[in-house]
Amino acid sequence: MKTYTLKVMLTPDEDGWFVRCPELESYGAATWGRNKEEAKRFIEEVLEMVVEEMVGEGRLVPEADEGASLAPSEYLVRVSTK
């Protein structure tokens, strides 16, 4: 089992909160929630699926630099593969 650290961005929109992983957005790593907590929960679920698929296909999963500073709208999510 390997754990990946990914940077996500959480921003308000007109109906709730939009959250995405910029490095994996082209793979579908973006979602929305009515509030911050829901958006965070949904992106974790999406990231688990995206990372599992990428690993299964032998693709490299780009990880965030844990020592880098984050903008106020950014945070790190850790995803473990099976």
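Filtered by the rule that a residue be within 22 Å of PRO72 (Cα to Cα) and open to solvent by 50 Å² or more (accessible area, probe 1.4 Å), region 13-27 gives ASP13, GLU14, ASP15, TRP17, PHE18, ARG20, GLU23, GLU25. How many of the residues in region 28-64 are acidic (Asp, Glu), more than 10 Å from the chain's Cα centre (by Cα) and open to solvent by 60 Å² or more (accessible area, probe 1.4 Å)? The total comes to 5. Here ALA71, ALA30 are screened, and the one residue that is touching a strand residue (DSSP E or B) at 6+ places or on another chain (Cβ under 9 Å) and more than 22 Å from ASP15 (Cβ to Cβ) is ALA71.
The values are calculated or read from the model by the stated rules, or taken from the named source; none is laboratory data. Everything quoted here is computed from the prediction, not taken from an experiment. Note that each Cβ is placed from the backbone with ideal geometry, even for glycine, and that neighbours are counted across all protein chains shown. Ligands, DNA and RNA are excluded from the accessible area calculation, which covers all protein heavy atoms including side chains. Shrake-Rupley method; radii C 1.70, N 1.55, O 1.52, S 1.80 Å.
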